[in-house]
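Laboratory data are not the source of any read-out in this text; all were calculated from the coordinates shown. Small disclaimer: the values here were computed from a predicted structure and weren't measured. As a convention, Cβ positions derive from the backbone with ideal geometry for all residues, glycine included, and neighbour counts pool all protein chains shown.
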């Protein structure tokens, strides 16, 4: 069931504008957005969308969201610095290349976090399968096909040895080939169904 962007924002603890901004910047994967019957942009399942958005945008602490912790004293702020001191510090860090490296590292981390969230979503949605499991299953299907081919020659030899009519031979061969291919198709269908 789809959910509105506002519902997801409320669940994550951010504004809907933050979600729109993150989508516009390309930080949120497009697969979590959809259009409802009224033509409005909305999001996929609330739980999944909340996980993806929270991993990319961030989450407020539950104490702040629930109103808990009001009795506690607010955190103390460090002494105020003069604005020109901050500018000097930032200029020095930029000159050393530290700010750019930090921003690059953070952007890289956010990119891979989003990629990981997208892969986890696709795996849960059944769009991705484990390569080892698929390889094992395909090996089984290939083995079934090989066994069917190997059993075909002796079966056909016994059936066709006494036949003289071309039409009857063709019917027998067609029936055997169809049975073999149906067996392989059944194995592929079981694989597709997850069995």
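Take the Cβ-Cβ distance between residue 151 and residue 130 as r, set R0 to 35 Å, and report the resulting FRET efficiency rounded to the nearest 0.05. Taking R0 as 35 Å, the efficiency between residue 151 and residue 130 is 0.65. In segment 131-192, Cα pairs under 8 Å separated by at least six residues give a relative contact order of 48 percent. Taking every Cα-Cα distance in segment 131-192 and sorting them into 5 Å bins from zero, the calculated P(r) comes out as 3, 18, 22, 18, 13, 10, 8, 5, 2, 1 percent.
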